[in-house]
1. Quick one: pull the percent of accessible area on the chain belonging to carbon and sulfur, 1.4 Å probe, ligands and nucleic acids left out.
2. Check which residues have an amide H placed less than 5 Å from Glu189's amide H, if you skip close sequence neighbours.
3. Highest mean first, what order results for 190-199, 116-125 on Cβ atoms within 10 Å?
4. For the chain, what's the relative contact order in percent, using C-alpha pairs closer than 8 Å and at least 6 residues apart?
5. Starting from the Cα of Tyr68, step 7 Å along the direction of its Cβ; do the same at Thr198; then give the gap between the two resulting points in nm.
6. Mind checking the angle between helix 78-90 and the chain's longest principal axis? C-alpha axes, 0 to 90 degrees, to the nearest 10.
7. Taking only protein heavy atoms into account and a 1.4 Å probe, give the accessible area per residue of the chain in Å².
8. With runs of 4+ DSSP H residues as the only contributors, calculate the mean residue ellipticity of the chain at 222 nm using -39,500 (n - 2.57) per run, divided by the residue total and rounded to the nearest 500.
Amino acid sequence: MIKRLSVAAIATMTFASAGSAVAGGPVVVELFTSQGCSSCPPADALLGELADREDVIALSLHVDYWDYLGWEDQFGSKANADRQRGYAHASNSTMIYTPQMVIAGTDELVGTKAMKLAQLIDRHKAKPDNVTLTVTRTDAGKLLIAAKRLGDVPGKMLVQIVRYVPEQLVEIRSGENAGMDVTYHNIVESLEPIGDWTGDADLNIQTEVSGDNPVVVLIQDGSSGPILAAARAD
């Protein structure tokens, strides 16, 4: 008889190897998910296994296109669905789906594939950093962003600020997941571009942030290309 391991057990085994990869900046894992998708809870749990890791920035982006199935995802947004469509267009794909994970803005996979996810995280950690990024949050509500070019970069990079809710339990009472209580992690509430950077000179930006939720800064080749650097400030 074959014993089937839970998502959490698979994650514990496979993600242990990621710490042995060449040290670099954290790898961004974006999960496109929906409370109205019956296939999504295992992927949501898998993302939860990543949420507290220092070498990964795990983000849950809830989409709105399954709301018609009978349950409106209160975290869902058209902006998240548009970001997913941008990734699909960049990879010459005509299809979007949930649960989907996008790794470092370049690799995509079904969001329940723990072993493949661990391999992709390892692969991206082993790549040399072409951009270094530091983000500091001050007591006065300022966010200090500093970046330096180390290698080849696109001609213009997009600097974006992500705000997210670390954790929330949702009682789903209708739709495909009716009767389930699901804990979601690192729920993106906003993703806003704040400027472009060419890398010709060091980047130094100061901006205001409000509220207590964590902040992530992404430096990306446009809004749908490779993520060149990421850093968080709690």
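1. It is 51 percent, rounded to a whole number.
2. The list, which skips near neighbours in sequence, is Arg163, Tyr164, Val165.
3. 116-125, 190-199
4. 24
5. Inter-label distance under the simple model: 4.6 nm.
6. Helix 78-90 and the main axis of the chain meet at about 70 degrees.
7. 49
8. -6000 deg cm²/dmol
The values are calculated or read from the model by the stated rules, or taken from the named source; none is laboratory data. Since this is a predicted model, take the numbers as computed values, not measurements. Positions of Cβ are backbone-derived with ideal geometry, glycine not excepted, and every protein chain shown enters the neighbour counts. Note: accessible area is taken over every heavy atom of the protein model, side chains too, but ligands, DNA and RNA are not part of it. Shrake-Rupley method; radii C 1.70, N 1.55, O 1.52, S 1.80 Å.
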